[in-house]
Structures are given as C-alpha cells and as structure tokens.
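Trainee: One structure coming up, written as structure tokens, with questions to follow.
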Amino acid sequence: MSPAAADSARRDSIWLMVNGGANAETGVTHYYPRKVVSGVGCVSNASVRQIRNRLIFLSEDGLYAFDGTPNIKKVTVDQETGVDRLPLTVATINRARRKFCAAAHWRKYRCYLLAVPTNGSVVNDKVIVWEYEKDRWWVWDNIEAQTWLEDEGVGDDERLLFGDSSGRLYEIGAGQTDDGAAIASYATTQRFGYGQNATLRARAVDLLT
C-alpha cells in the first residue's frame, strides 16, 4: 500500500492492534492490526482525548467517540432529534490545516476543547467546546490555541494553558474576574437624537443579576 493510500485508510477507518502472543523463537510479543470501524477515522492526532473510557476525536465530518467496539458514536448529533448540531461549524475548518487541530480535556468544567483553523487561516483561530456532562456546545472565537497544556498541581489544582503561534503562553480562566464577588451589570448604548428636531422616547430596562 502506498503512503497516500495508507493515509487515506487511516482517515476513514479505525484499527486495533491485537496481541498475537509471543514468538516461539524470539520470545517477542507480536501484534497484528484488525479493522474495527469502516467509514470513520481520525484526521488529527492531537484531537484525540480520552473521556469516560472513550476516545473523542475529529473525523472528516465531525466529532466522534470510540469505545473500542464497532459502536462508534457521533457526539455532535442530538440524541433526541437525531440532528447534527455543528455541520456548518465543522464545514468551516480549513481542510488543508485540520491535521494541526489540537484538543484539551478541561476536567474541572467537564469540557472537551478543540482548537481549529477556519477557512483562510493558517493558525487555529476558533475553539469548539463540548460540555459533555450536559451535552451542550459552544464556539469561542479569537483564541489562537496552537497547543494546549493540561497541568495539575500536588493539591489537584487544575490549570489549562495554551500557546499561540508566536510562542506566548496563556492560562484559561485566570484573569478578568471579580475574585468571587458579584459582577456588576451595565448597558452601553449609542447616543441618539443629538442635533435632530424630533422628540424621541426611550424605555428603561432593569437588568436583574
């Protein structure tokens, strides 16, 4: 099989390495490949994360979960309606750069994060977030996460960091907080009616927090 054909096969199938036992002469354990899933494969090695005994990864048409059996599951599909919730978002991923997509598992918030490059971009400029415990989806713009670093201290203090294309390192969720205090809400509006010979009426709206 040519390298191009082998690469194509990896993108649309999943294989397991099965223990074939030890070689009688050398004593070295041999493994052989066995195809488990056809039609679905991984297009980015860095998109793979293990969550609840399943491997979550990016395929050609979305995100899937693999539990080692042929019962592969597309996690972007709504289980009640059967509708894919992210077809347009996945379609914006730059196909030529999708091998550089990078994922992280933010355990504290039960989230799988996948940084992807959109069409026309050579860097990861969008983050697809799956809050898997509640099966909710988010899309974050303007976060240039080329790589992720999942760090955990001796006190189980989890930190999630990412590096951008310029080599700078950032920590997610560490800045611009009120240190646990209530956040004041306010509204910003455009000035209207200035210099006009007209009577305008505005309605006040109270924001409850």
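The values are calculated or read from the model by the stated rules, or taken from the named source; none is laboratory data. Note that this is a predicted model, so its numbers are computed, not measured. Positions of Cβ are backbone-derived with ideal geometry, glycine not excepted, and every protein chain shown enters the neighbour counts. Just so you know, the surface numbers come from the protein's heavy atoms only, side chains and all, with ligands and any DNA or RNA stripped out. Shrake-Rupley method; radii C 1.70, N 1.55, O 1.52, S 1.80 Å.
Trainee: Would you tally the residues in the range 136-156 being charged (D, E, K, R) and in a loop (DSSP other than H, G, I, E, B)?
Mentor: So the first thing to find is which residues in the range 136-156 are charged (D, E, K, R), and the list is 136, 141, 144, 150-152, 156.
Checking the rest, the ones that are also in a loop (DSSP other than H, G, I, E, B) come to 144, 156.
Counting residues in the range 136-156 that are charged (D, E, K, R) and in a loop (DSSP other than H, G, I, E, B) gives 2.
Trainee: Can you say whether R159 is part of a helix (DSSP H, G or I) and either charged (D, E, K, R) or farther than 16 Å from S47 by Cβ (or both), as far as the supplied structure shows? Before you say what the answer is, go through the steps one by one.
Mentor: On the way: part of a helix (DSSP H, G or I): no; either charged (D, E, K, R) or farther than 16 Å from S47 by Cβ (or both): yes.
No: the conditions fail for R159.
Trainee: Of the conditions (1) surrounded by 12 or more Cβ atoms within 10 Å (Cβ to Cβ); (2) within 13 Å of the chain's Cα centre (by Cα); (3) modelled with pLDDT under 95, W138 satisfies every one except a single condition; which number is it?
Mentor: For W138, the exception is condition (1).
Trainee: Among the residues of the range 152-174, are any β-branched (V, I, T), at pLDDT 90 or above and either under 12 Å from the mean Cα position of the chain (by Cα) or under 30 Å from G62 (Cβ atoms) (or both)?
Mentor: Initial filter on the range 152-174 (β-branched (V, I, T)): 154, 172.
Then keep just the ones that are at pLDDT 90 or above; that gives none.
Looking through the range 152-174, none of the residues is β-branched (V, I, T), at pLDDT 90 or above and either under 12 Å from the mean Cα position of the chain (by Cα) or under 30 Å from G62 (Cβ atoms) (or both).
Trainee: Looking at (1) surrounded by fewer than 17 Cβ atoms within 10 Å (Cβ to Cβ); (2) assigned to a strand (DSSP E or B), find the lone condition where A65 falls short.
Mentor: Single failed check for A65: (1).
For (1) over 12 Å from the mean Cα position of the chain (by Cα); (2) open to solvent by 50 Å² or more (accessible area, probe 1.4 Å); (3) among the hydrophobic types (A, V, I, L, M, F, W, C), each residue gets a yes or a no:
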{"residue": "V75", "(1), (2), (3)": "no, no, yes"}
{"residue": "V83", "(1), (2), (3)": "yes, yes, yes"}
{"residue": "L88", "(1), (2), (3)": "yes, yes, yes"}
{"residue": "N94", "(1), (2), (3)": "yes, no, no"}
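Trainee: If you don't mind, there's one more thing I want to ask. Which pairs do you get when a residue that is under 20 Å from K99 (Cα atoms) and open to solvent by less than 60 Å² (accessible area, probe 1.4 Å), found in the range 30-52, comes within reach of a residue that is β-branched (V, I, T) and part of a loop (DSSP other than H, G, I, E, B), reach meaning Cβ atoms under 6 angstrom, with the pair 6+ apart or on two chains?
Mentor: Between residues of the range 30-52 that are under 20 Å from K99 (Cα atoms) and open to solvent by less than 60 Å² (accessible area, probe 1.4 Å) and residues that are β-branched (V, I, T) and part of a loop (DSSP other than H, G, I, E, B), the close pairs are V40/I72.
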